[in-house]
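Colleague: What follows is a structure written as C-alpha cells; I'll ask about it next.
The values are calculated or read from the model by the stated rules, or taken from the named source; none is laboratory data. Bear in mind that the values here come from a model prediction, so they are computed numbers and not experimental data. Methodologically, a virtual Cβ is constructed for each residue, glycine included, from the backbone with ideal geometry; neighbour enumeration extends over all protein chains shown. Surface accessibility is based on the protein's heavy atoms, side chains included, excluding ligands, DNA and RNA. Shrake-Rupley method; radii C 1.70, N 1.55, O 1.52, S 1.80 Å.
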Amino acid sequence: MKSQTESPPRPSKLTDKPDFLTELAHVIAAVGTDSFYNKASLLLSNVLRCGKRLVMRYSAFDRPAFIVNHALTEEGVAYYLAGLYRVDPLHKLARTNSEPTVVSLRALTTETDEIYLAELVKMSIFDELALILPAYGGVTIAFCCERHRVRFEPRDFEIANALLPTLDALHKLHMDRLFIEARTVNREAIDESFNNPLLVLDRRGEIAYANEAWSQNPNVTAVLPQIKEQIATTGPAFFQLDSQQVVHWDQLPDDFSLAPGGQLIVVERRSPGPLPISGEAVLDTFCNQQDLTPREAEIVRLSFVGLPNAAIAKQLGVSVGTVKNHRWRLYYKLDITSERELFHLFLSTLLSLESSPCG
C-alpha cells in the first residue's frame, strides 16, 4: 500500500509575521505596567506594516487624550484637541460603541467629512485602522495604526480582527491588574487610563478603592450618598456635579478582581462632545457667522480640503490672481494673515456649537 505524507499545515496569517510571537510575549509581560499600551500598539503596527501609531483614550464626557503618540506633531495634537476631535468619526463611534471592533477611518467617514480628512492628510495621515476596546467607567481605548499614502486592504482587516480577541483579553487583564496594584502598591498606576477622580464600590456599596484625586475632592465625597441612592434606584447613571464636572458610574463585571459586580464611579470635566452634524455643515455655519460672500465661502471650503491656489482657480474657472485677490480680501475682513489663523477661527466655531446628547 502506497504511503501518503501529509503536507505541513499552512501558517496562520498572524504567525506568518516575523517575530510575532516574541512581540506578543513582550505585550503579555507588560500587562499591568506603564509600558503596556506602547508594547501593544507596537505589535499592532508591526503586524499591519504601519510606520505611525496612536493609542487614544476616549471618555464619556471629557475630550480625548493621547496615551501613546507616534504619529502627530505637537501642533497636530493641539489642533485636534482644540476642537477638531468634535468631527472625528472615531471619537463619535467610541462614545456609542459597546463591543470590541475593528474600524477604518475611511470606511467611517462620508463625503461631508472631507474637511476632517483633509486636515489629517496635512498631518501625514491618509488612512487609519483602529481596534476599539471599551473599558470601564465610560472609557474606550483605541489602538490606531496610520498610513501615509495608501488605504488599508481587506487582508489588513482580517489580521486585525484575528488579533482583536487577544488584545481585548489582555487589555481587560491589564485593567484588572492596574486596579489591584493601585490599591495595594501604586496608587498612581491607574491614572494613565483614567486620569480623573475615581472610586470603586463593592456589591454592598462599600468603598473598595479611591484614588488620591477622589479623596482630595470634597464635592464628590459630599454627594456620595446621593450617588449610592441613585445607583440603588437604577436611575440615570450620571449627574452634573457643578458647572464644569460630571460624575458618572458603570457596573463592573463579575470577574473584576477588585470588586466583582461593583461600581466604578468617575468624575470628568464636561467638554464639548461630538457634533451631530458634519464638518461641511459646521463650515456653512462658520461662513454665515463671518458674513462671507458665496465666492469667499467656496475658497475657504476648497482651502480646507487641501487645494492650493492653482487648483482652486482651475475648479472655479478663474485666474490664480483672482483667487489670491479673494483670499487677500477674506483675510483682511477676518483680520488674519494665514490659513492657519483661518482654521483657528473655524475651530472656535466648533467649540461654540452645542454638543450631541451623548456628550
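Colleague: Which fully enclosed helices (runs of 4 or more DSSP H) of segment 195-295 have 3 or more residues being within 30 Å of Arg329 (Cα to Cα)?
Modeller: In segment 195-295, the matching helices (runs of 4 or more DSSP H) lie at 279-289.
Colleague: Also, I was wondering about something else. So which residues in segment 26-63 are touching a Phe, Trp or Tyr at 6+ places or on another chain (Cβ under 6 Å), surrounded by 22 or more Cβ atoms within 10 Å (Cβ to Cβ) and not polar (S, T, N, Q)?
Modeller: Leu44, Val55
Colleague: Further question on the same structure: For Gly83, which of the numbered conditions (1) more than 17 Å from Ala169 (Cβ to Cβ); (2) touching a Leu at 6+ places or on another chain (Cβ under 6 Å); (3) open to solvent by 10 Å² or more (accessible area, probe 1.4 Å) fails to hold?
Modeller: Among (1) more than 17 Å from Ala169 (Cβ to Cβ); (2) touching a Leu at 6+ places or on another chain (Cβ under 6 Å); (3) open to solvent by 10 Å² or more (accessible area, probe 1.4 Å), the lone unmet condition for Gly83 is (3).
Colleague: So, one more: Going through segment 295-319 one residue at a time, which ones are of a type in the set (A, V, I, L, M) and over 25 Å from Leu117 (Cα atoms)?
Modeller: Within segment 295-319, just Val318 meets the criteria.
Colleague: Another question, then. Any residue that is closer than 20 Å to Tyr80 by Cβ and open to solvent by 40 Å² or more (accessible area, probe 1.4 Å) - is there at least one of those in segment 290-306?
Modeller: Yes, there is a match, as at least one residue in segment 290-306 is closer than 20 Å to Tyr80 by Cβ and open to solvent by 40 Å² or more (accessible area, probe 1.4 Å).
Colleague: Right, something else. Please determine whether any residue of segment 177-192 is surrounded by fewer than 19 Cβ atoms within 10 Å (Cβ to Cβ) and among the aliphatic types (A, V, I, L, M).
Modeller: yes
Colleague: Same structure again: Given the conditions (1) in a loop (DSSP other than H, G, I, E, B); (2) touching a residue at least 40 places away in the same chain (Cβ under 8 Å); (3) polar (S, T, N, Q), which single one is not true for Ser98?
Modeller: (2)
Colleague: Report whether or not Leu351 is out of contact with any Ser or Thr (no Cβ under 9 Å at 6 or more places or on another chain) and either surrounded by 16 or more Cβ atoms within 10 Å (Cβ to Cβ) or of a type in the set (Gly, Ala, Ser) (or both).
Modeller: no
Colleague: Condition (residue is within 19 Å of Val87 (Cβ to Cβ) and without any contact (Cβ under 8 Å) to a residue 12 or more places away in the chain) applied to segment 261-272: is it met by at least one residue?
Modeller: So far as segment 261-272 goes, no, none of its residues is within 19 Å of Val87 (Cβ to Cβ) and without any contact (Cβ under 8 Å) to a residue 12 or more places away in the chain.
Colleague: Scan (1) part of a helix (DSSP H, G or I); (2) open to solvent by 30 Å² or more (accessible area, probe 1.4 Å); (3) in contact with a helix residue (DSSP H, G or I) (Cβ under 9 Å, 6 or more places away or on another chain) for the single condition Ala78 breaks and write down its number.
Modeller: Among (1) part of a helix (DSSP H, G or I); (2) open to solvent by 30 Å² or more (accessible area, probe 1.4 Å); (3) in contact with a helix residue (DSSP H, G or I) (Cβ under 9 Å, 6 or more places away or on another chain), the lone unmet condition for Ala78 is (3).
Colleague: Here is a further query. Only one of (1) in contact with a helix residue (DSSP H, G or I) (Cβ under 8 Å, 6 or more places away or on another chain); (2) at pLDDT 90 or above is not met by Val220, so which one is it?
Modeller: Only one criterion is unmet by Val220, namely (2).
Colleague: Are there any pairs, at least 6 apart or on different chains, whose C-beta atoms fall under 9 Å, with the first in segment 141-159 and farther than 24 Å from Ala169 by Cα and the second open to solvent by 100 Å² or more (accessible area, probe 1.4 Å), and if so, which?
Modeller: Arg147/Arg49
Colleague: Taking the condition of being closer than 18 Å to Thr349 by Cα and either buried (at least 21 other Cβ atoms within 10 Å of the Cβ) or more than 25 Å from the chain's Cα centre (by Cα) (or both), how many residues in segment 257-274 meet it?
Modeller: 2
Colleague: Across segment 297-315, what is the total count of residues that are more than 18 Å from Thr337 (Cα to Cα), in a helix (DSSP H, G or I) and of a type in the set (Val, Ile, Thr)?
Modeller: So the answer is 1.
Colleague: Does Phe126 meet the test of being closer than 22 Å to Ile67 by Cα, in contact with a strand residue (DSSP E or B) (Cβ under 7 Å, 6 or more places away or on another chain) and surrounded by fewer than 19 Cβ atoms within 10 Å (Cβ to Cβ)?
Modeller: yes
Colleague: Residues in segment 36-69 that are under 26 Å from Leu350 (Cβ atoms) and free of Cβ contacts under 8 Å to residues at least 40 places away in the same chain: how many?
Modeller: 4
Colleague: Given (1) out of contact with any Gly (no Cβ under 6 Å at 6 or more places or on another chain); (2) more than 18 Å from Asn69 (Cβ to Cβ); (3) not aromatic (Phe, Trp, Tyr), identify the lone condition not met by Arg147.
Modeller: (2)
Colleague: Just one of Ala71, Ala162 is closer than 20 Å to Val47 by Cα, more than 14 Å from the chain's Cα centre (by Cα) and modelled with pLDDT of 90 or more; which is it?
Modeller: Matching residue, one of Ala71, Ala162: Ala162.
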